[in-house]
Amino acid sequence: MPSIGAKILGVLLYMIPWSDCLTFGNHLYIKYPLTQIIQIPAIPILLIERSIPFGSLLLFLAIFIGLVRNSQVSYFLRFNALQSLLINIAIIIVSFIFEIVFSPFSNSLFIRTFSSTLLISLFSVIIFCVWSCTQGNEPDLPIISQATKMQL
């Protein structure tokens with residue numbers, strides 16, 4: 001059973017992908033201002049990433065080298081760190097594709113609906129991961145968890 005500190009750090013690790021997927025909700029934040037509340041947990045990560053030059057890269061490297069590749073850290077924490085980084089990489093790839101392919105159509109109903117659906121889906125995934133961490137379990141996401149277990 002992981003310690004309370006490991007559970008809290010596991011929850012905090014999932015704020016990294018959450019901070020990167022917030023851009024998908026721009027249309028929701030304008031139409032429904034109350035939805036801006038979901039940005040609050042990601043504020044510390046956003047401050048770190050934006051205040052330090054190459055902050056997101058340095059944060060990624062610090063977590064990867066300091067937690068994932070450190071054999072003295074518990075498996076629970078290493079698993080959650082790597083899984084949150086893999087989710088973050090997937091979000092970054094999707095956001096690049098989204099920006100390159102769909103940027104000319106950014107105001108269409110289809111794109112707004114797709115981006116809002118993507119935000120809500122990612123929010124659900126991260127809530128599931130956070131809930132699993134608070135329970136002391138490893139979140140089991142179909143493809144990402146298998147890739148995480150192969151790397152550890």
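What follows draws every value from the coordinates through simple rules; no lab data is involved. For clarity, every value in this text was computed on a predicted model and none was experimentally measured. Here Cβ is always computed from backbone atoms with ideal geometry, including for glycine, and neighbour counts include all displayed protein chains.
Exposure proxy for S106, S84: other Cβ atoms within 10 Å of each Cβ, ordered fewest to most, give S106, S84.
Summed over qualifying helices (DSSP H, 4 residues or more, each -39500 (n - 2.57)) and divided by its residue number, the chain shows a 222 nm mean residue ellipticity of -22000 deg cm²/dmol. Extension gain for F96 to L58 (0.36 nm times residue separation, less C-alpha to C-alpha distance): 11.7 nm. Dimensions of region 44-96 from C-alpha coordinates, computed as largest minus smallest value along each principal axis and given longest first, are 31, 24, 16 Å. Note on the chain: Rg/Rh from Cα positions, Kirkwood definition for Rh, rounded to two decimals, is 0.98.
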